1. Considering only segment 9-64, how many residues are assigned to a loop (DSSP other than H, G, I, E, B), farther than 12 Å from Leu97 by Cα and among the aliphatic types (A, V, I, L, M)?
2. Condition test on Ile58, is it within 20 Å of Tyr15 (Cα to Cα), of a type in the set (A, V, I, L, M, F, W, C) and surrounded by 15 or more Cβ atoms within 10 Å (Cβ to Cβ)?
3. Give the residue that is surrounded by the most Cβ atoms within 10 Å (Cβ to Cβ), with candidates limited to residues of segment 78-92 that are of a type outside the set (Phe, Trp, Tyr) and in contact (Cβ under 8 Å) with a residue 40 or more places away in the chain.
4. Could you tell me whether any residue of segment 87-95 is touching a Phe, Trp or Tyr at 6+ places or on another chain (Cβ under 9 Å) and either at pLDDT below 90 or not in a helix (DSSP H, G or I) (or both)?
5. Name the pairs whose Cβ atoms lie under 7 Å apart, with the first residue in segment 27-41 and touching a residue at least 60 places away in the same chain (Cβ under 8 Å), the second basic (Lys, Arg), and 6 or more positions between them or separate chains?
6. Condition first: open to solvent by less than 50 Å² (accessible area, probe 1.4 Å) and among the hydrophobic types (A, V, I, L, M, F, W, C). Now tell me which residues in segment 43-55 satisfy that.
7. Among the numbered criteria (1) within 13 Å of the chain's Cα centre (by Cα); (2) open to solvent by 30 Å² or more (accessible area, probe 1.4 Å); (3) of a type in the set (Phe, Trp, Tyr), which single criterion is violated by Phe64?
8. Is it the case that Thr86 is in contact with a strand residue (DSSP E or B) (Cβ under 9 Å, 6 or more places away or on another chain) and among the polar types (S, T, N, Q)?
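The values are calculated or read from the model by the stated rules, or taken from the named source; none is laboratory data. Just so it is clear, the model here is predicted, and its values are computed rather than measured. Positions of Cβ are generated from backbone atoms using ideal geometry, with glycine treated the same way; all protein chains shown enter the neighbour counts. Note: accessible area is taken over every heavy atom of the protein model, side chains too, but ligands, DNA and RNA are not part of it. Shrake-Rupley method; radii C 1.70, N 1.55, O 1.52, S 1.80 Å.
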Amino acid sequence: MVAAHKGLFLNQRKYVLDLLKDAEMMDAKPAPTPLDNKLQLAKNSKPLKSINHYQHLIGKLIYFTITRPDIGYVVSLVSQFMHAPTIFHWSIVKRILRYI
């Protein structure tokens, strides 16, 4: 947190870098939006083998929405599948990470 001339400025650069490192996406290409506008929810997607990593990253993204309300909708969308995430849901999480 840095005191600015007219208020406070919150910077979470390190938090984002740690998030990308956790997801092994440090070299990922950035995305222009947090969600693809042509997205259609997949009904027949394979379940993830390990949901712990998914749940861990979603928890961090939920915290991150405090300073980034622009990702609030899409994070709430993927957080609905915390107990049974699929590969499709993981692809949405990766898109969010590429956006931030």
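1. Kept after step one, since they are assigned to a loop (DSSP other than H, G, I, E, B), are these residues of segment 9-64: 10-12, 23-46, 48-50.
Cutting the leftovers down to farther than 12 Å from Leu97 by Cα gives us 10-12, 36-46, 48-50.
Checking the rest, the ones that are also among the aliphatic types (A, V, I, L, M) come to 10, 39, 41-42, 48.
Matching residues across segment 9-64 total 5.
2. Working: within 20 Å of Tyr15 (Cα to Cα): yes; of a type in the set (A, V, I, L, M, F, W, C): yes; surrounded by 15 or more Cβ atoms within 10 Å (Cβ to Cβ): yes.
It is true that Ile58 is within 20 Å of Tyr15 (Cα to Cα), of a type in the set (A, V, I, L, M, F, W, C) and surrounded by 15 or more Cβ atoms within 10 Å (Cβ to Cβ).
3. Going through segment 78-92, the residues of a type outside the set (Phe, Trp, Tyr) turn out to be 78-80, 82-87, 89, 91-92.
Those still in the list that are in contact (Cβ under 8 Å) with a residue 40 or more places away in the chain too: 86-87, 89, 92.
On the way: Thr86: 18, Ile87: 12, His89: 24, Ile92: 22.
Ranking the qualifying residues of segment 78-92, first place goes to His89.
4. The answer is no; no qualifying residue exists.
5. From segment 27-41, the pairs are Ala28/Arg98; Lys29/Arg98; Pro30/Arg98; Ala31/Arg95; Ala31/Arg98; Pro34/Arg95; Leu35/Arg95.
6. Restricting attention to segment 43-55, the residues satisfying the condition of being open to solvent by less than 50 Å² (accessible area, probe 1.4 Å) are 45, 48, 54.
Residue satisfying the conditions is Leu48 alone.
7. (2)
8. Values: in contact with a strand residue (DSSP E or B) (Cβ under 9 Å, 6 or more places away or on another chain): yes; among the polar types (S, T, N, Q): yes.
Answer is yes for this residue.
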